[in-house]
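Shown next, in structure tokens, is the structure this report addresses.
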Amino acid sequence: MIGTAYRVELSKVFSKWRTFIGFIALGVLIPVVVAAMGIEGGQYLGFATQALKQTFDFTGNLMNGYTVSYIIFGSLYVHVPFLVTLVAGEILAGEATAGTYRLLLTRPLSRATMVSAKFLATLTYTNLLVIFMALMSLGLGIALLGTGEVVVIRSQITIIAENDLWWRFVLAYGFAAMAMTTVASVAFLFSSLVENAIGPIMTTMAIIIVMTIISAIDIPIFDYLRPLFFTNHMNGWKFLFDDPVNWTKVSISAGVLLAHIAGCYTATQIIMRRKDILT
Amino acid sequence: MPIPLIEIHDLHKHYGHFHAVDGLDLHVSQGDVYGFLGPNGAGKSTTIRMMLSLVRPTSGTIKIFGLDLTSHRNDILRRIGAIVERPDFYNYLTARRNLELVGRLSGADVSTKSIDHVLGIVGLASRASSKVKTFSHGMKQRLGIAQALLHSPDLIVLDEPTTGLDPQGMVDIRDLILELAADHKKTVFLSSHILPEVELTATRMVIINRGKAVVEGAVQDLLNAGRLKVTIETSEVPRALELIRATPLASHIQSSTDGAIIMMMEREEIAGLVAHLADARIPLSAVSPVRSLEEYFISLTQDVS
């Protein structure tokens, strides 16, 4: 029965205009950024490596498809959560707003099945968005700017060879899918609590902003909280571009994100199980 | 011996200190068109929501088809078609697509033919490909009935099914209810505040008020019980009134017009009154006893209030 319910939910999700806002936004934004990087990316990279050029010589095609994809990945990471919440925040609350819980929950379908089907549909949308982002940025970047090494400038400078990049990108996008699923799970939880889709979207974004701000403030009392915030682990994909990869940090971040996903899903199940449908 | 289809025992639903349903008992038999009557806020919709497991009872038991709702929810819902209050749908989908999705979730083998069939029954065949957001309230109501019939349920629960329909639509739905019960042997649980609708379609009924059953029984028995509203038409109203006021029936006079006197009285008292007026040579053009469910409903709910 969950298969049927999942297909019904997917059909509903992809019949709504709002579902395509994220794809349209990324479909417009990524080509613009890739084109801009192709035209003026040299200046951008020159500015980023200005101090290093006094000590090192840089040769080869540094502004390539991989570098562009890496830059886009880092910058869009801030905005994609909003696109994810557009669907995740609406998937339960939208039924309450429209009054269609009555239509849905008077079927021979347990509430747990309905919640699971909706959760799976949310995950499908979220992961398709990340895959779309990956294909657009990598595909378009490589097609227009070719391939080459990526210079990663963090606490240390890492130059990653071309043949050592593919698996890192695959894992990084996998990690991104997990991070976005965490955001979707939080929005999904809030969606079960209210009867208006705007609430979960705003609340999830507010939580991300508040947690990010708290994480950025260097006060000792926050040191205990910071490791628990999912926002603090969403950029754990960056560790995959260290050489050697810090697998411990990657695993810890992945664990925290997975714990959030499981926690939000379980809480939503409990809430929906007890919920009286009065709309 | 009628086969019990819905058995509700000592059902309660409390929201804080407010008791929406307060110890309700109901028994609906197979083949009944069961009228579920009550004023606004009486607990009708809450009861229906509990029967469909949309709302969790505070206490009490609900058995449908002989199965406990708590432990056999899906088995029960598979055999029920329902409209609960407003008929809401996915407005961004067409009527047909809505029915396809609902049909798939109902666990029945719902074919295009069966969708066309139910859309035809409710008069929406020509609008099957229109998005529901273009539908009027009445059309949504018809679509609601279509989705309730789609998987050929044994029990049909209709909560205010004629709300928003034009007079012809109301007659159509009334006829459909009668046809479902008579020709298709369906049991219909009909909640309505439109009393003539229940009077014309239901075989049994319950009147509830403040979450409690006030009276339950066969509609005809309830109509025949208690006092009747009797209209006495005569060309000599003043003289007739004078005569009646001189009898013990004086207190039964409700009102009078130029051509008629209206009284509330027992059925057995009518013959005596007619004879008394005839003896006094009062010309009577008509004596019409009417037992209206509306009168009964108001008297019962007012008594309880």
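Set the Förster radius R0 to 41 Å, insert the Cβ-Cβ distance between A:ALA259 and B:HIS14 as r into 1/(1 + (r/R0)^6), and round the FRET efficiency to 0.05.
0.65
Counting only other residues whose beta carbon sits under 14 Å from that of B:LYS185, what net charge do I get with K and R as +1, D and E as -1?
-2
With charges only on Cβ, +1 for K and R and -1 for D and E, what is the dipole size of chain A about its Cα centre, in debye, rounded to 20?
Its charge dipole is roughly 1100 debye.
Amide H neighbours of B:VAL215 under 5 Å, at least 5 residues apart or on other chains, H built in the peptide plane: list them.
Placed amide hydrogens put B:ILE207 under 5 Å from B:VAL215.
Below 8 Å, C-alpha to C-alpha, sequence gap of six or more: please give me the relative contact order for chain A in percent.
RCO, chain A: 26 percent.
So, by mean Cβ neighbours within 10 angstrom, what's the order for A:262-271, B:14-23, B:180-189 with the highest one leading?
In decreasing order of mean packing, A:262-271, B:14-23, B:180-189 become B:180-189, A:262-271, B:14-23.
Given an 8 Å cut-off on Cα distances and at least 6 residues of separation, report the relative contact order of the range B:226-304 as a percent.
45
Give a residue-ordered list of calculated ³J(HN,Hα) values for the range B:204-218 (Karplus: 6.51 cos²θ - 1.76 cosθ + 1.60, θ = phi - 60°; whole Hz; x for Gly, Pro).
Computed from phi, the couplings for the range B:204-218 are 10, 7, 10, 10, 10, 8, 6, x, 10, 6, 8, 8, 9, x, 5 Hz.
Hey, quick one: spin label on B:THR134, modelled 7 Å out along Cα-Cβ, who in the range B:89-103 has an amide N within reach, i.e. under 20 Å?
B:89-101
With only Lys, Arg, Asp and Glu charged, each at its Cβ (+1 for the first two, -1 for the last two), find how big the charge dipole of the range B:226-304 is about the Cα centre; round to the nearest 20 debye.
80
For peptide B:97-106, what's the mean number of Cβ atoms from other chains within 10 Å of each residue's Cβ?
Partner-chain Cβ atoms within 10 Å, mean over residues of B:97-106: 5.
In the protein assembly as shown, what % of DSSP beta bridges are antiparallel (nearest 5)?
Bridges in the protein assembly as shown that DSSP calls antiparallel: roughly 70 percent.
Taking square-rooted eigenvalues a ≥ b ≥ c of the alpha carbon gyration tensor, is the range B:104-203 rounded, prolate or oblate, where a/c under 1.5 means rounded and, failing that, a/b exceeding b/c means prolate?
Oblate, because a/c is 1.5 or more while a/b does not exceed b/c.
What FRET efficiency would be calculated for the residue pair A:THR55, A:VAL245, taking the C-beta separation as r and a Förster radius of 41 Å, to the nearest 0.05?
The computed FRET efficiency comes out at 0.95.
Would you mind ranking A:ASP276, B:ASP279, B:ASP88, B:ASP32 so that the residue whose beta carbon has the fewest other beta carbons within 10 Å leads the list?
Ranking A:ASP276, B:ASP279, B:ASP88, B:ASP32 by Cβ neighbours within 10 Å, fewest first, gives B:ASP279, A:ASP276, B:ASP88, B:ASP32.
I'd like to know how the protein assembly as shown sits against the 2.2 N^0.38 Å rule of thumb: what's its Cα Rg over that expected value?
Against the compact-globule rule of thumb, the ratio is 1.39.
Using the number of other C-beta atoms within 10 angstrom as an exposure proxy, rank B:SER192, B:SER29, B:SER71 with the fewest first.
B:SER71, B:SER29, B:SER192
Using R₀ = 25 Å, calculate the FRET efficiency as 1/(1 + (r/R₀)^6) where r is the Cβ-Cβ separation of A:ALA112 and B:TYR92; round to 0.05.
0.40
Over all alpha-carbon pairs in the range B:226-304, figure out the percentage whose distance exceeds 18 Å.
The answer is 38 percent, as a whole percent.
So how do B:249-257, A:65-73 stack up, highest first, on mean other-Cβ count within 10 Å?
In decreasing order of mean packing, B:249-257, A:65-73 become A:65-73, B:249-257.
Multiplying the sequence separation of B:HIS193 and B:SER255 by 0.36 nm and subtracting their Cα-Cα distance, what value in nm do you get?
19.7 nm
Do the alpha carbons of any pairs in A:LYS16/B:LYS13; B:LYS44/B:LYS185; B:LYS131/B:LYS186; A:LYS118/A:LYS238; A:LYS118/B:LYS63; A:LYS118/B:LYS133 sit beyond 32 Å of each other, and which pairs?
A:LYS16/B:LYS13
What value, in deg cm²/dmol to 500, does the helix sum -39500 (n - 2.57) over DSSP H runs of n ≥ 4 give at 222 nm once divided by the residues of the protein assembly as shown?
Only helices count here, giving -16000 deg cm²/dmol.
Report the local net charge at B:VAL102: Lys and Arg +1, Asp and Glu -1, summed over other residues whose C-beta lies under 14 Å from its C-beta.
Here the charged neighbours net out to +4.
What ranking of B:TYR296, B:TYR90 emerges when the number of other C-beta atoms within 10 Å of each C-beta is taken as an exposure proxy, fewest first?
The order, fewest Cβ neighbours first, is B:TYR296, B:TYR90.
What are the ³J(HN,Hα) couplings of the range B:243-258, residue after residue, when phi is run through the Karplus curve with 6.51, -1.76, 1.60 and θ = phi - 60°? Round to Hz, x for glycine and proline.
Going residue by residue, I get 5, 5, 5, 8, 10, x, 7, 3, 6, 7, 5, 9, 6, 8, 10, 5 Hz, with x marking Gly and Pro.
Determine the shielding of peptide B:83-90 by partner chains: average, over its residues, the number of Cβ atoms on other chains within 10 angstrom of each Cβ.
5
Between A:ARG273 and B:LEU241, what is the label-point separation in nm under the 7 Å Cα-to-beta-carbon projection?
7.0
For peptide B:65-75, how many partner chain Cβ atoms fall within 10 Å of a residue's Cβ, on average?
Taking the mean over all residues of the peptide, I get 1.
Read-outs throughout are calculated quantities, based only on the coordinates presented, and are distinct from any laboratory measurement. Please read these numbers as outputs of a predicted model, since none were measured by experiment. No Cβ is skipped: glycine too gets one built from the backbone with ideal geometry, and neighbour counts run over all protein chains shown.
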